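Have a look at the structure below, then the notes.
The values are calculated or read from the model by the stated rules, or taken from the named source; none is laboratory data. Please read all numbers here as calculations on a predicted model, not as lab measurements. Every residue, glycine among them, receives a Cβ derived from its backbone with ideal geometry; neighbour counts consider all protein chains shown. Note: areas computed on protein heavy atoms with side chains; ligands, DNA, RNA excluded. Shrake-Rupley method; radii C 1.70, N 1.55, O 1.52, S 1.80 Å.
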Amino acid sequence: DVKVTQSSRYLVKRTGEKVFLECVQDMDHENMFWYRQDPGLGLRLIYFSYDVKMKEKGDIPEGYSVSREKKERFSLILESASTNQTSMYLCASSTLYEQYFGPGTRLTVT
Amino acid sequence: GQNIDQPTEMTATEGAIVQINCTYQTSGFNGLFWYQQHAGEAPTFLSYNVLDGLEEKGRFSSFLSRSKGYSYLPLKELQMKDSASYLCAVRAPGSGYSTLTFGKGTMLLVSP
């Protein structure tokens, strides 16, 4: 059974803080993804990674960076959090055919 | 670019049959996926089509017509637990990374 875990379910940060969201998968998948989900906008891809130390920008990378030092772990970094980054953040890992999602982190930036 | 359209909301009663539609206009196509997402939870995979026709998978079959850029998810014998958001997603061709573009989702409300 594929398991994707995220470091926090809920997180509250202040504007300007550096925020780390971590994601770990246990199925040896090469591909990992970070999305944000907002009402009326759906799921939007921020960044993805297809191998250790490799990363590609998704549709909305501005204000975010990522790190993948180990195959099982993919981190999303908000260098200086802003209120418009308040959102639900979902991590996923995938085979060629199916993406498996983590439970999500609801981030509030005040 | 990718454009994926789904109805925003649908309502139905328990035991009924509904069909959730998805239309797409994309610069290429390499598969269409359906996910279910209950409120406050992560999306879970339901079905996948890459060829035309009906892909049967228990309660969650899905139909695809590539020439029409159209898919639907038929839900039969609706149960209260089927109240959820249903997400349609398209995979671009040549995408060995399996990136998906998601529609905004259809919120299905099942009432007694």
### Message
Which numbered condition in (1) modelled with pLDDT under 95; (2) under 23 Å from B:SER85 (Cβ atoms); (3) crowded, with 18+ Cβ neighbours inside 10 Å is the only one that A:ASP59 fails?
### Response
(3)
#### Entry: Single residue of region B:13-43 satisfying the filter (over 30 Å from A:ARG106 (Cα atoms) and among the aliphatic types (A, V, I, L, M)) that is surrounded by the fewest Cβ atoms within 10 Å (Cβ to Cβ)
B:ILE17
### Query
Would it be correct to say that A:TYR35 is closer than 20 Å to B:ILE4 by Cβ and modelled with pLDDT of 90 or more?
yes
### Message
Take A:TYR50 and tell me if it is in a loop (DSSP other than H, G, I, E, B), within 7 Å of another protein chain (Cβ to nearest Cβ), closer than 25 Å to B:GLY31 by Cβ and not aliphatic (A, V, I, L, M).
### Response
no
### Task
Of the numbered conditions (1) more than 18 Å from A:PHE33 (Cα to Cα); (2) within 14 Å of chain A (Cβ to nearest Cβ), B:ARG66 fails exactly one; give the number of that condition.
(2)
#### Entry: Residue satisfying all of: in region B:60-86; under 14 Å from B:GLY31 (Cβ atoms) and within 9 Å of the chain's Cα centre (by Cα); surrounded by the most Cβ atoms within 10 Å (Cβ to Cβ) among these
B:SER71
### Task
Give the residue that is nearest to the chain's Cα centre (by Cα), with candidates limited to residues of region B:44-59 that are open to solvent by less than 50 Å² (accessible area, probe 1.4 Å) and small (Gly, Ala, Ser).
B:SER47
### Query
Is it the case that A:TYR100 is aromatic (Phe, Trp, Tyr), within 25 Å of B:PRO7 (Cα to Cα), out of contact with any helix residue (DSSP H, G or I) (no Cβ under 9 Å at 6 or more places or on another chain) and modelled with pLDDT of 95 or more?
no
## Note on the structure
Selection from region B:1-35 of residues among the small types (Gly, Ala, Ser) and either without any contact (Cβ under 8 Å) to a residue 12 or more places away in the chain or within 20 Å of A:GLN99 (Cα to Cα) (or both) yields B:GLY28, B:GLY31
### Message
Being acidic (Asp, Glu), surrounded by 16 or more Cβ atoms within 10 Å (Cβ to Cβ) and on the phi < 0 side of the Ramachandran plot is true for just one of A:GLU30, A:GLU79. Which residue is that?
### Response
A:GLU30
### Pairs where the first residue, in region B:71-88, is closer than 15 Å to B:GLU9 by Cα and the second is basic (Lys, Arg), C-beta under 8 Å, 6+ apart
B:LEU75/B:ARG59
